[in-house]
Amino acid sequence: MPDTDLTDARAAVRAYHDQSKHRFERYAPGPASLDWDAQPNPFRRFEDCQRLELPLPAGEIHLPFSALYTPGAVPPRLLDSVAVGALLELSLAVSAWKAMGPARWAVRCNPSSGNLHPVEAYLVLPHTNLGPAGLYHYEAEDHVLALRCPFDAALSGHLADLLPPDCILLGLSLVPWREAWKYGVRAWRYCQLDLGHAIGALGYGAAPIGWGMRLLADWSGLQIARLLGLDRTADFEHDEPEYPAALLMLGPDPVGLPPQPNLLAALAGQGWQGKANRLDSRHLYRWDAVDAMARLVKPPPTAEPLAGPLPALSRTPGDPSAVKIIRRRRSARAFNPEKGIAAETFYRLLDSCRPRPGTGPWDLYQGPSRLHLLCFVHRVEGLPPGLYLLATDIGVVAGLKPLMRAEFVWEQPPGCPEGLPCYRLISADAKQAAMNLGCHQQICAQSAFALAMLGEFDAVIAESPGGYNLLFREAGRVGQALYLHAEAEGIGSSGIGCYFDDPIHDLLGLQNQRLQTVYMFTVGPARPELGVTDEPAYARGST
């Protein structure tokens, strides 16, 4: 990209980020009203496609949660219908239906802002016992694959030469309207957070079948669109476009890289089938800034893999079932303000947020983290309430101190594990501050602790305008780790996309955009949801 175009793209990203900020005096532009009975359909379907029913084998997988972070703990399963069914059942599928009075809604393994689910998934599969080689769309509502493009014999044979043994390609797309319907201009942030959650969920879903995950970062958006059929505009409603977002390779050893030109050339001339369903019959608003971001920038290739691997994660007491933890992930609606958590639990949760390539939500070539976690500690046994910071690395702390208030003490708290770069900044009652900064939501004060994820904004934008998307995607992956590890600890958590951006920065004394808030989270002993019942995810049940 020419320097002038890069400068313009960086300026556009900064302008969007500023426009989409919430402030005490006003929220970011959004719809004036919402018709909750007419929200967009959270399930994409392609009509007139052959559908292949996937098995539900997760109930037969018995392994502890720690195995998700232990490379080689699970013998890799060969590619078949059971492997694909388990991967999707434990990552992007419905995990339960909830009901309260006449209302009924789905909960999925991958969370979404407002439960609106802008992320769609497509699979490039060789011939298996599931069906013919082709491009499939995953339909989470029924746990089936819809065959969008059956490959002819020549392409089927060519695919076998391109992909490593027993590996698949999985593409993710975004339908921004689902989020923009509710959140307006801020929707692009939430799309990227949801995408990070989905990628993290796929990493967790791959581990129980012994598979790994690799992000194919050098595929362009146009190439991904061609591969997934997203460039076939006649197959989609004109006001509900899908945008290419990410391409992953999953399998026992996903280290190869299929040559894009060869695969895309072979794809030309194949027959396509199906038309996307309309998601919303009434588009009452238009948010050009969101679609502009979708067209503007793509993430750059990821950084080199981490040079020094982190120590293994400490096991959660009891080491519960991995499958049960994945299925039970929920967003807590309320916390018990009378209960706290142990300091050891707090430290384990923070440590789970650090990238460990090839384990948990992280892919095989995960680069270094660009997020620092500001923690509002309310009720952690043995730790005084106040503000704490988990830095990406001990080596960056000296550079962070001059950016923040001079009165911060930067002391490692008692019992902090060696090598965990966690620091107490100031002791204070932070409950009111957390609640006010989290859009006045009580769960930010009632939990054991809340946190704000601070991204290295200036640095990533200087490297590439597309780094903006990567910051939010990393935050989504961190959020997915927090969801599952909190569940494993027997407590609850909830992601919070609504927060007042610059007041958080003012609290820390930040005077520029070197650090910007990209996500909030809150964790602690949750209160049960009264009057809400759970129903099975699928009528045919899980084995």
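Please count how many residues of segment 250-300 are among the aliphatic types (A, V, I, L, M) and at pLDDT 90 or above. Step through it out loud before you land on a result.
Of the residues in segment 250-300, the ones among the aliphatic types (A, V, I, L, M) are 250, 255, 257, 263-268, 276, 279, 284, 289-290, 292-294, 296-297.
Then drop every residue that is not at pLDDT 90 or above, which leaves 250, 276, 279, 289-290, 292-294.
Residues meeting the conditions: 8.
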- Note on the structure: Looking across segment 429-474 at residues that are assigned to a loop (DSSP other than H, G, I, E, B) and open to solvent by 50 Å² or more (accessible area, probe 1.4 Å), the single one that is nearest to ASP502 (Cα to Cα) is HIS440
- Query: Tell me, which residue of segment 125-141 that is under 15 Å from GLU47 (Cα atoms) and among the hydroxyl-bearing types (Ser, Thr, Tyr) is farthest from the chain's Cα centre (by Cα)?
  - Reply: TYR136
- Query: Out of segment 226-235, which residues are buried (at least 19 other Cβ atoms within 10 Å of the Cβ) and touching a strand residue (DSSP E or B) at 6+ places or on another chain (Cβ under 6 Å)?
  - Reply: LEU228, GLY229, LEU230
- Subset of segment 389-418 (residues that are open to solvent by less than 60 Å² (accessible area, probe 1.4 Å), closer than 18 Å to ILE504 by Cα and in a helix (DSSP H, G or I)): LEU400, LEU403
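Please go through segment 134-163 and pick out each residue that is under 20 Å from ALA265 (Cβ atoms), open to solvent by less than 20 Å² (accessible area, probe 1.4 Å) and in a loop (DSSP other than H, G, I, E, B).
Taking segment 134-163 as the starting set, the residues that turn out to be under 20 Å from ALA265 (Cβ atoms) are 134-135, 148-163.
Applying the additional criterion that residues be open to solvent by less than 20 Å² (accessible area, probe 1.4 Å) yields 134-135, 148-149, 155, 159, 163.
Selection gives LEU163 alone.
Would you mind stating whether ARG527 is of a type in the set (Lys, Arg), in contact (Cβ under 8 Å) with a residue 24 or more places away in the chain and more than 22 Å from ALA246 (Cα to Cα)? Lay out the reasoning, then the answer.
Details: of a type in the set (Lys, Arg): yes; in contact (Cβ under 8 Å) with a residue 24 or more places away in the chain: yes; more than 22 Å from ALA246 (Cα to Cα): yes.
Spelling it out, ARG527 is indeed of a type in the set (Lys, Arg), in contact (Cβ under 8 Å) with a residue 24 or more places away in the chain and more than 22 Å from ALA246 (Cα to Cα).
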- Take segment 101-133 and flag every residue that is at pLDDT below 95, assigned to a strand (DSSP E or B) and farther than 30 Å from MET520 by Cβ. THR128, GLY131
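Take segment 70-84 and flag every residue that is part of a helix (DSSP H, G or I) and surrounded by fewer than 24 Cβ atoms within 10 Å (Cβ to Cβ).
In the first step, residues of segment 70-84 are kept if they are part of a helix (DSSP H, G or I); the result is 81-84.
Correct list: SER81, VAL82.
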- What's the number of the condition LEU87 fails, among (1) assigned to a strand (DSSP E or B); (2) surrounded by 18 or more Cβ atoms within 10 Å (Cβ to Cβ); (3) not hydroxyl-bearing (Ser, Thr, Tyr)? (1)
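Going by the structure shown, is GLY274 buried (at least 17 other Cβ atoms within 10 Å of the Cβ) and either of a type outside the set (S, T, N, Q) or under 30 Å from VAL13 (Cβ atoms) (or both)? Full working, then the answer.
Numbers: buried (at least 17 other Cβ atoms within 10 Å of the Cβ): yes; either of a type outside the set (S, T, N, Q) or under 30 Å from VAL13 (Cβ atoms) (or both): yes.
When the stated conditions are applied, GLY274 passes them.
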- Task: Please give the number of the condition SER66 fails out of (1) touching an Asp or Glu at 6+ places or on another chain (Cβ under 8 Å); (2) not in a helix (DSSP H, G or I).
- Result: (2)
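Can you tell me which residues in segment 306-358 are among the polar types (S, T, N, Q) and either at pLDDT 95 or above or within 22 Å of the chain's Cα centre (by Cα) (or both)? Spell out the reasoning first.
First, the residues of segment 306-358 that are among the polar types (S, T, N, Q): 314, 316, 321, 331, 336, 345, 352.
Within segment 306-358, SER321, SER331, ASN336, THR345, SER352 qualify.
Identify all residues within segment 323-340 that are within 30 Å of ALA206 (Cα to Cα) and either touching a strand residue (DSSP E or B) at 6+ places or on another chain (Cβ under 9 Å) or among the β-branched types (Val, Ile, Thr) (or both); write none if there are none. Let's see the steps before the verdict.
Here is the first cut: in segment 323-340, the residues within 30 Å of ALA206 (Cα to Cα) are 323-333.
Matches in segment 323-340: VAL323, ILE325, ILE326, ARG327, ARG328, ARG329, ARG330, SER331, ALA332, ARG333.
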- Message: Would you confirm whether or not segment 181-193 contains a residue that is open to solvent by 10 Å² or more (accessible area, probe 1.4 Å), outside any helix (DSSP H, G or I) and not aliphatic (A, V, I, L, M)?
- Response: no
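Answer yes or no as to whether GLY509 is surrounded by fewer than 23 Cβ atoms within 10 Å (Cβ to Cβ) and either on the phi > 0 side of the Ramachandran plot or small (Gly, Ala, Ser) (or both).
Here the answer is yes, as GLY509 does meet what is asked.
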- Query: Counting just the residues of segment 236-271 that are in contact (Cβ under 8 Å) with a residue 60 or more places away in the chain and of a type in the set (S, T, N, Q), which one comes out surrounded by the fewest Cβ atoms within 10 Å (Cβ to Cβ)?
  - Reply: ASN262
- Message: So, LEU169, is that one in a strand (DSSP E or B) and modelled with pLDDT of 95 or more or not?
- Response: yes
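The values are calculated or read from the model by the stated rules, or taken from the named source; none is laboratory data. The structure displayed is predicted, hence computed values, not measured ones. For neighbour counting, all protein chains shown are included, and Cβ atoms are generated from backbone atoms with ideal geometry for every residue, glycine included. SASA here: full protein model, heavy atoms, side chains in, ligands and nucleic acids out. Shrake-Rupley method; radii C 1.70, N 1.55, O 1.52, S 1.80 Å.
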